[in-house]
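Colleague: Dropping a structure here in structure tokens format, bear with me for questions.
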Amino acid sequence: MNNVFYIGATGLVAQQTAVDTTANNIANLNTPAFKRGAVDFSALLASSSRLPSRPGAGGADGAGVSASMRPVFSPGTLRQTDDAWDVAIRGNGFIELDAGQGDSVLWRGGRLRVGDDGYLRASNGVSLKAAISVPRDAERLEITPDGQVLAVIPNQAAPLEIGRVELVQPADPRALQALGDGTYRLADDGMAVIRARPGEDNTGTLAQRFSEASNVALADELAGLMLYQRAYAASAKLVQVGDELMAIANGLKR
């Protein structure tokens, strides 16, 4: 009888995880470069030491379900903004940021800005790993698809090359941990990554004056939400039925 409550409870927790993930996806529908979360469900197997097996089952019983969230890194649509400070990645790569103390953060692109120290930074204030210093008299920056950063300076005929942005591609993007603002951290410091110039090793190219939209499809999220809510109600009903059966069994003892 305890199996009923355990299976129902794990179902409630799993479906709540799915609903929370869907709600977060919908909330970030218009967040630039946001990557939607997907929920993976897996069956739990209860050992005989934790839950009693049914007579004749011959071992462990199925005992509920678990859910885990993972980001989906399919690219979003690139939208032209005509703003020189906007940069997107046309492909699967990431721009590497320097979080300090030797830590690296991966960024899917967005709005650039110049910090008080003159270095090029992401919109969240973290400087680029490439450590690109922008001249104080620069009128604007030009970023080529292959990562070359050029500063347009008054009274100079040709733009000045001030650095180059490389792209990073993790060996297993599913292991990245989302930090917000379109940034991610490597879950394992020893994870293999590919560092290459944009356009090489399938990392993609840079697109200045573009912004990447989120990869959230509202229709899919709403359809999934209805499915999760129905499954949640079914799990709650299972707990209720188990409670009623337990009440009947207790009544028979009297």
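Conditions (1) more than 30 Å from A23 (Cβ to Cβ); (2) assigned to a strand (DSSP E or B); (3) at pLDDT 90 or above, marked per residue:
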{"residue": "G163", "(1), (2), (3)": "yes, yes, yes"}
{"residue": "R185", "(1), (2), (3)": "no, yes, no"}
{"residue": "M191", "(1), (2), (3)": "no, no, no"}
{"residue": "L206", "(1), (2), (3)": "yes, yes, yes"}
{"residue": "V216", "(1), (2), (3)": "no, no, yes"}
{"residue": "L222", "(1), (2), (3)": "no, no, yes"}
{"residue": "Y232", "(1), (2), (3)": "no, no, no"}
{"residue": "G242", "(1), (2), (3)": "no, no, no"}
{"residue": "A247", "(1), (2), (3)": "yes, no, no"}
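Colleague: For R164, indicate whether it is basic (K, R) and under 30 Å from A27 (Cα atoms).
Modeller: Details: basic (K, R): yes; under 30 Å from A27 (Cα atoms): no.
Spelling it out, it is not the case that R164 is basic (K, R) and under 30 Å from A27 (Cα atoms).
Colleague: Take the residues in segment 134-163 that are of a type in the set (G, A, S) and exposed (fewer than 14 other Cβ atoms within 10 Å of the Cβ); name whichever of them is farthest from A88 (Cα to Cα). First the steps, then the outcome.
Modeller: First, pick out the residues of segment 134-163 that are of a type in the set (G, A, S): 138, 147, 151, 157-158, 163.
Within this subset, residues satisfying the condition of being exposed (fewer than 14 other Cβ atoms within 10 Å of the Cβ) are 157-158.
Details: A157: 27, A158: 25 Å.
So, considering only residues that are of a type in the set (G, A, S) and exposed (fewer than 14 other Cβ atoms within 10 Å of the Cβ), the one farthest from A88 (Cα to Cα) is A157.
Colleague: What do you reckon, is E166 without any contact (Cβ under 8 Å) to a residue 12 or more places away in the chain and either among the charged types (D, E, K, R) or in contact with a Lys or Arg (Cβ under 7 Å, 6 or more places away or on another chain) (or both)? Please lay out each step first, then the result.
Modeller: Values: without any contact (Cβ under 8 Å) to a residue 12 or more places away in the chain: no; either among the charged types (D, E, K, R) or in contact with a Lys or Arg (Cβ under 7 Å, 6 or more places away or on another chain) (or both): yes.
The answer is no for E166.
Colleague: Still on this structure: Which of the residues spanning segment 116-133 are exposed (fewer than 13 other Cβ atoms within 10 Å of the Cβ) and closer than 16 Å to E166 by Cβ?
Modeller: Hit for segment 116-133 is A131, nothing else.
So that you can scan it fast, the table gives a plain yes or no per residue for (1) crowded, with 16+ Cβ neighbours inside 10 Å; (2) within 19 Å of the chain's Cα centre (by Cα):
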{"residue": "T77", "(1), (2)": "no, yes"}
{"residue": "Q80", "(1), (2)": "no, no"}
{"residue": "A84", "(1), (2)": "no, no"}
{"residue": "A88", "(1), (2)": "yes, yes"}
{"residue": "F94", "(1), (2)": "yes, yes"}
{"residue": "V105", "(1), (2)": "yes, yes"}
{"residue": "G109", "(1), (2)": "yes, yes"}
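Colleague: Follow-up. Taking segment 144-165 as the region of interest, how many residues are under 29 Å from the mean Cα position of the chain (by Cα) and more than 17 Å from G115 (Cβ to Cβ)?
Modeller: Qualifying residue count for the region: 6.
Colleague: Quick test of your reading of the structure: A130 fulfils all but one of (1) of a type outside the set (K, R); (2) under 22 Å from V72 (Cα atoms); (3) in contact (Cβ under 8 Å) with a residue 24 or more places away in the chain. Name the failing condition by number.
Modeller: Looking at each condition in turn, A130 falls short on (2).
Colleague: If I ask for residues that are within 25 Å of N24 (Cα to Cα) and aliphatic (A, V, I, L, M), which ones from segment 70-96 would you list?
Modeller: V72, L78, V87, A88, I89, I95
Colleague: Quick one: which residue in Q177, Q169 is modelled with pLDDT under 95, exposed (fewer than 14 other Cβ atoms within 10 Å of the Cβ) and not in a loop (DSSP other than H, G, I, E, B)? Please lay out each step first, then the result.
Modeller: On the way: Q169 fails: exposed (fewer than 14 other Cβ atoms within 10 Å of the Cβ).
Residue meeting the stated conditions: Q177.
Colleague: Residue by residue through segment 197-212, note down the ones that are among the basic types (K, R) and closer than 11 Å to G147 by Cα.
Modeller: As a first pass, look at segment 197-212 and keep what is among the basic types (K, R): 197, 209.
Correct list: R197 only.
Colleague: I'm told M226 meets every condition in (1) at pLDDT 90 or above; (2) touching a Leu at 6+ places or on another chain (Cβ under 6 Å) except one. Can you identify the failing condition by its number?
Modeller: That leaves (2) as the condition not met.
Colleague: Which condition from (1) at pLDDT below 90; (2) of a type outside the set (D, E); (3) not in a loop (DSSP other than H, G, I, E, B) is the one that Q156 breaks?
Modeller: Every listed condition holds for Q156 apart from (3).
The values are calculated or read from the model by the stated rules, or taken from the named source; none is laboratory data. Keep in mind that this is a model prediction, so the values were computed, not measured. Positions of Cβ are backbone-derived with ideal geometry, glycine not excepted, and every protein chain shown enters the neighbour counts.
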